[in-house]
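The values are calculated or read from the model by the stated rules, or taken from the named source; none is laboratory data. Every value quoted in this text rests on a predicted model; they were computed, and no experiment measured them. Note: ideal-geometry Cβ built from the backbone for every residue, glycine included; neighbour counts use all protein chains shown.
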Amino acid sequence: MESIKDWENNVNKITSRIYNEFPELSKYITEIPFQETVSEESNIEAIKSYYFSLEELVSKYAKMH
């Protein structure tokens, strides 16, 4: 099972990719909601969801451009 640190690293990598390769998408990073919760397990699920949202954004945009 991946830890929250692993998922934070994944989010950092994809946001860096967005800023470097698709800067026009950077405005959407703050528009995609991410809320921390009390439970670490819930936080992992929340950050995974956030990561997959960013990944989907990049994937769809890259296919179109």
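Brief remarks on what is shown
- Scanning segment 29-65 for residues that are over 18 Å from Asn9 (Cβ atoms), more than 10 Å from the chain's Cα centre (by Cα) and at pLDDT 85 or above yields Ser42, Ser59, Lys60, Tyr61, Ala62, Lys63, Met64.
- Among the residues of segment 12-56, those that are closer than 15 Å to Glu2 by Cβ and β-branched (Val, Ile, Thr) comprise Ile14, Ile44, Ile47.
- Residue that is farthest from Phe22 (Cα to Cα) [pool: residues in segment 35-65 that are polar (S, T, N, Q) and part of a helix (DSSP H, G or I)]: Ser42
- Where a residue in segment 9-37 is surrounded by 11 or more Cβ atoms within 10 Å (Cβ to Cβ) and its partner, wherever it lies, is among the charged types (D, E, K, R), with Cβ under 7 Å and at least six apart: Ile14/Glu55
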